[in-house]
Amino acid sequence: MNKILLTAIAVLVLVGIGVGVFFAQKNMDTSSPATTTQTETTKPRATNGSWVAGNVAVSGNYADADIVTLSDGRKRMYYSIEPEVKGNNLEVYSSLSSDGITWTQEPGTRRTMSTFPDVVTLPNKTFRMYFQNSGVIKSALSSDGLVWNDESGVRIDKNNDLSLVFDNVAAPTLILKDDGTYAMVYRGTINTPYVGEKVPNQNTQLFLWATSADGLSWVKQGLAIDSRNTTLYGLADGPELFTWEDGTIKLSFWSYTGVYWSDFTAGAFSTPEKVFALAESTQMIKFPTPTPGDPVYAKFGSAWYMYYGLHEKGIYYATHSL
C-alpha cells in the first residue's frame, strides 16, 4: 500500500472520529443528585476573548439550567437530569448561590416528568415555571419556588402556520417586555436531518416565538431563528432571552460550534453571531467537541456569569470581562 493511500485512510479515520464523538443533545447522567461546590481544577479552554471559561458549578448528569433572583439577593438555579440516565423520572432540581461559583443543592426535587424548566417571577412575587411535557409546553405555579402546582391546559402546542411538522416543541424561554407583555422563544423539532451537509443530528431544530399579555394565553408570531443554513446546520437549541449590560434584549442559544447571540428588537431577531466556544472547527473536524450547551446568564455584583452544560460532566460557568 503506497504512502498516498495510507494518508487518505488516516484522514478519513480522523474525520469519522470527530463526527462520531460529537455531543448534540443536552442532558446528563447520574444515579443520585449532586450537592455542588467547585471541585475541578482543570479549566476548559475558551476561544472567545470576552468570556473566560471557569470550572464546574453543578457536577453530575444535569443540564437545561435556568436562574431566578430571590428577594434576599441570592440566585436559585433550576436544572434537569439528563434523560439518558437509567431509571430517571425527568426530575428537576435546584441549587442556591450568593457568589456565582459555589452552588448548594436544595433538598428534594422540584418536579418530575418535566424538562427544560424556565422560571419567571410574577408581579405578586410568586413563580411560574414553563416546561416540556408530552411534547408540548405546559406551566406550573409556586409561592416559594420549591413546591409546584400544575396549571390546566397547554401553553404552546405543536401547531404552526409555517407548514412545519414538529415532533415536539420544547425549551421555552421568556422575558417581560417594557410594555408589560411577555415574549417567549421556544424550540421546534422536525424529525428529519438537515439537508445539504452530513451532520451529527438526525433531526432539525429551529426557534419560534410567541407573545402573551398574561403568560397563559399565547399568540404565535412565527419563526424566530431559522437554523437551516451553513452557519447553524440545522441545530439551534437551548434558547435564553435576557437583558444584557447595555439594555438590549439578547437571545442566546447553542449550536454545533458554540454559543450564539441574536438581538431582539422591535419584534425581530438579528443574524446570530458566535460569542463563545470551547473548541474551534478545523478542516479535519468540522463539528468539534466539547460543545457548551444550554447557556443561561446571571449577574453577581459587577460580574456576568454564563452557565452551560457539558454532557455527562455537569453545568459549568464562564465569566465576562466588560
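The values are calculated or read from the model by the stated rules, or taken from the named source; none is laboratory data. Every value quoted in this text rests on a predicted model; they were computed, and no experiment measured them. Cβ sites come from the backbone with ideal geometry, for glycine too, and all protein chains shown count toward neighbours. What goes into the accessible areas is simple: the full protein's heavy atoms, side chains included, and nothing from ligands, DNA or RNA. Shrake-Rupley method; radii C 1.70, N 1.55, O 1.52, S 1.80 Å.
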Fill in the blank from the handout: Over region 224-242, the set of residues more than 16 Å from the chain's Cα centre (by Cα) and among the hydroxyl-bearing types (Ser, Thr, Tyr) is 230, 231, 233
Problem - Exclusive hit being within 27 Å of residue 56 (Cα to Cα), part of a loop (DSSP other than H, G, I, E, B) and of a type in the set (Ser, Thr, Tyr), set 230, 282 - result: 282
Fill in the blank from the handout: Exactly one of 216, 174 is within 15 Å of residue 118 (Cβ to Cβ) and not in a strand (DSSP E or B), and that one is 216
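If you go through region 103-117 one residue at a time, how many are in a strand (DSSP E or B) and either open to solvent by 50 Å² or more (accessible area, probe 1.4 Å) or touching a Leu at 6+ places or on another chain (Cβ under 6 Å) (or both)?
Going through region 103-117 one residue at a time, the tally reaches 2.
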Practice task
Go through 254, 244 for me and flag whichever is among the aromatic types (Phe, Trp, Tyr), at pLDDT 95 or above and surrounded by fewer than 19 Cβ atoms within 10 Å (Cβ to Cβ).
Solution key: 244
Exercise for the section: Please enumerate the residues belonging to region 80-102 that are surrounded by 20 or more Cβ atoms within 10 Å (Cβ to Cβ) and hydroxyl-bearing (Ser, Thr, Tyr). Expected result: 80, 93, 94, 95, 97
Handout entry: Subset of region 215-229 (residues that are in contact (Cβ under 8 Å) with a residue 24 or more places away in the chain and either of a type outside the set (Gly, Ala, Ser) or open to solvent by 40 Å² or more (accessible area, probe 1.4 Å) (or both))
Key = 216, 218, 220, 221, 223, 225, 228
Problem - Residue ID - most open to solvent (accessible area, probe 1.4 Å), chosen from residues in region 177-201 that are aliphatic (A, V, I, L, M) and assigned to a strand (DSSP E or B) - result: 190
Problem - residue 155 vs. criteria in contact with a Pro (Cβ under 8 Å, 6 or more places away or on another chain) and open to solvent by 20 Å² or more (accessible area, probe 1.4 Å) - result: yes
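Condition first: in a loop (DSSP other than H, G, I, E, B) and aliphatic (A, V, I, L, M). Now tell me which residues in region 202-213 satisfy that.
Selection gives 213 alone.
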Exercise for the section: Would you check if residue 291 is within 15 Å of the chain's Cα centre (by Cα) and open to solvent by less than 60 Å² (accessible area, probe 1.4 Å)? Expected result: yes
Exercise for the section: Taking residue 270 as the residue in question, decide whether it is open to solvent by 10 Å² or more (accessible area, probe 1.4 Å) and in contact with an Asp or Glu (Cβ under 6 Å, 6 or more places away or on another chain). Expected result: yes
